[in-house]
Every structure is written in structure tokens, then in C-alpha cells.
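The values are calculated or read from the model by the stated rules, or taken from the named source; none is laboratory data. Treat the numbers as computed from the prediction; the structure is a model and nothing was measured. Methodologically, a virtual Cβ is constructed for each residue, glycine included, from the backbone with ideal geometry; neighbour enumeration extends over all protein chains shown.
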Ligand code: ADP
Ligand code: NI
């Protein structure tokens, strides 16, 4: 199979796999991350095949929904790619991306999550995934996620929290507005690539506008 055929086969696999997701991790999230990663790579010029595979596979086992997600992600990646005849050296590179892509923690201190990602291809995929968590799409995904988990939109009495571990972050579910302070507004400063940083600035400003309009409407002032 050519690289192009392998990418097409991986796309077909995930379209089927993620068809019915409503948590914000559906096929279209994967597709947007794949497109964003390709856009970023136009200036970064890293290995295109690894970038594309990393983007397409980055959510192959979501730690929120899959127990022992790291092990499952590794096994699924190896099975999928070796069945398509992808060479071992490429599979290794994709495994590194899949293992290190997730945000996994809200606290600013945990932005060091970045530093476990060692490859340029991985840094590009991480930027693409983070971009899809912010901006207009980010707002939409976040409220969709909150609704799915039964969280309220907002409660002024419950302030945002900071977290010391991935578990603390994961187990803390308050109202959806808090998620902006616990994760989304922190992402801009953790971007890796110049293109990613530029795109994040615009999406970040959009979220800040959204929040000020939200509070104005909440208080009957707009
Ligand atoms: P990652 O997949 O990078 O580890 P998460 O799985 O924590 O990140 O989050 C992916 C997306 O799901 C977020 O960008 C957000 O839109 C949504 N999400 C996650 N946790 C929450 C939450 N507590 N409240 C609202 N939305 C959330
Ligand atoms: Ni993702």
C-alpha cells in the first residue's frame, strides 16, 4: 500500500469507529485535528506521514472512557498500523505521539505535559488537538461535553479549581464555565509551534469575548 492508501484506510476505520460519539471526540474532531496538523506542517515541514497518522490516531483510546487507556492505545495502534503494513520505525513514532498527546491535567504546572512530547511531529499534533479545544469549536465542544455529563452551564458560587494530578482534574466536574479557567484559557501559553501560537491567539481572544458577553447576559446587562 502507498502512504496515501494507508491514510485512506485509517480514515475509513475511524469514520466507522467514532460515528456515534457525542462527547466532542467524534470523527469530525479527528478530521479537524488532521487538517489542522497538516496546516501547521506546511510551515514546520516535519515528516508528513507521521504527522497525519499521529493526528488520526491521537484519540485511539480516550482516558476518560477507556480503563487503562495507555495500554489499550498502544495495542490498538500496533494492531491497526501493522495490519496495514506500516513499517516498525513509523509505528514507533506514532506510538510516541499517541502516548503523549493528551492534556490530562488542568493546572498550569502540568503544562509540563508538553515536555514529554519529544518529536516535532508530536508537537504539531499536540498543537492541532489543543487548537480544536479552543475558539468557537472549543466553546461548542465544551458545552456539548458538559451536557452529556449532566453539568450545569454556570454557577457563580463555584469557583474554578487548580489540580495537582491528572486524577484530580478528571474527578472534578463542576459547571461548564469553570472548564474555561481550568483548561481552555491555559492552552494558548502551552502552544509549541509558531503557526499554532498564532492560531491560538485568535481563538483565545474569541473565547474571552464569549465569556464577557456570557457574564453580561447572565447579569442582565446586555
Ligand atoms: P484531552 O483529550 O486533551 O486529554 P480532555 O479529554 O480533558 O482533553 O478534553 C477534551 C475536550 O472535552 C475538552 O477540550 C472540552 O471541550 C471537553 N471537556 C473535557 N472535560 C470537560 C469538563 N469538565 N467540562 C466541559 N468540557 C470538558
Ligand atoms: Ni483529541
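Considering only residues that are away from ligand 2 (no atom under 12 Å from the Cβ), part of a helix (DSSP H, G or I) and surrounded by fewer than 19 Cβ atoms within 10 Å (Cβ to Cβ), which ones fall in the range 115-144?
Residues satisfying the conditions are 115, 116, 120, 136, 140, 143, 144.
Here are some residues: 167, 201. Which one is in contact (Cβ under 8 Å) with a residue 12 or more places away in the chain and either assigned to a loop (DSSP other than H, G, I, E, B) or within 26 Å of residue 100 (Cβ to Cβ) (or both)?
The match here is 201.
Yes or no: residue 30 within 16 Å of ligand 1 (Cβ to nearest atom) and in a helix (DSSP H, G or I)?
So residue 30 passes the test.
What residue, among those in the range 49-73 that are modelled with pLDDT under 95 and more than 16 Å from ligand 2 (Cβ to nearest atom), is farthest from residue 146 (Cα to Cα)?
Top of the filtered list is 71.
Do the conditions hold for residue 65, that is, is it within 15 Å of the chain's Cα centre (by Cα) and either exposed (fewer than 15 other Cβ atoms within 10 Å of the Cβ) or more than 29 Å from residue 139 (Cα to Cα) (or both)?
When the stated conditions are applied, residue 65 passes them.
May I ask you to list the residues in the range 49-73 that are in contact with a helix residue (DSSP H, G or I) (Cβ under 6 Å, 6 or more places away or on another chain) and either part of a helix (DSSP H, G or I) or over 23 Å from residue 130 (Cα atoms) (or both)?
Answer for the range 49-73, where residues must be in contact with a helix residue (DSSP H, G or I) (Cβ under 6 Å, 6 or more places away or on another chain) and either part of a helix (DSSP H, G or I) or over 23 Å from residue 130 (Cα atoms) (or both): 49, 50, 51, 52, 53, 54, 55, 56, 57, 73.
Could you list all residues from the range 170-192 that are part of a loop (DSSP other than H, G, I, E, B) and surrounded by fewer than 17 Cβ atoms within 10 Å (Cβ to Cβ)? Let's see the steps before the verdict.
The initial filter retains those residues of the range 170-192 that are part of a loop (DSSP other than H, G, I, E, B), namely 172-175, 183, 187, 191-192.
Of everything in the range 170-192, those that are part of a loop (DSSP other than H, G, I, E, B) and surrounded by fewer than 17 Cβ atoms within 10 Å (Cβ to Cβ) turn out to be 172, 173, 175.
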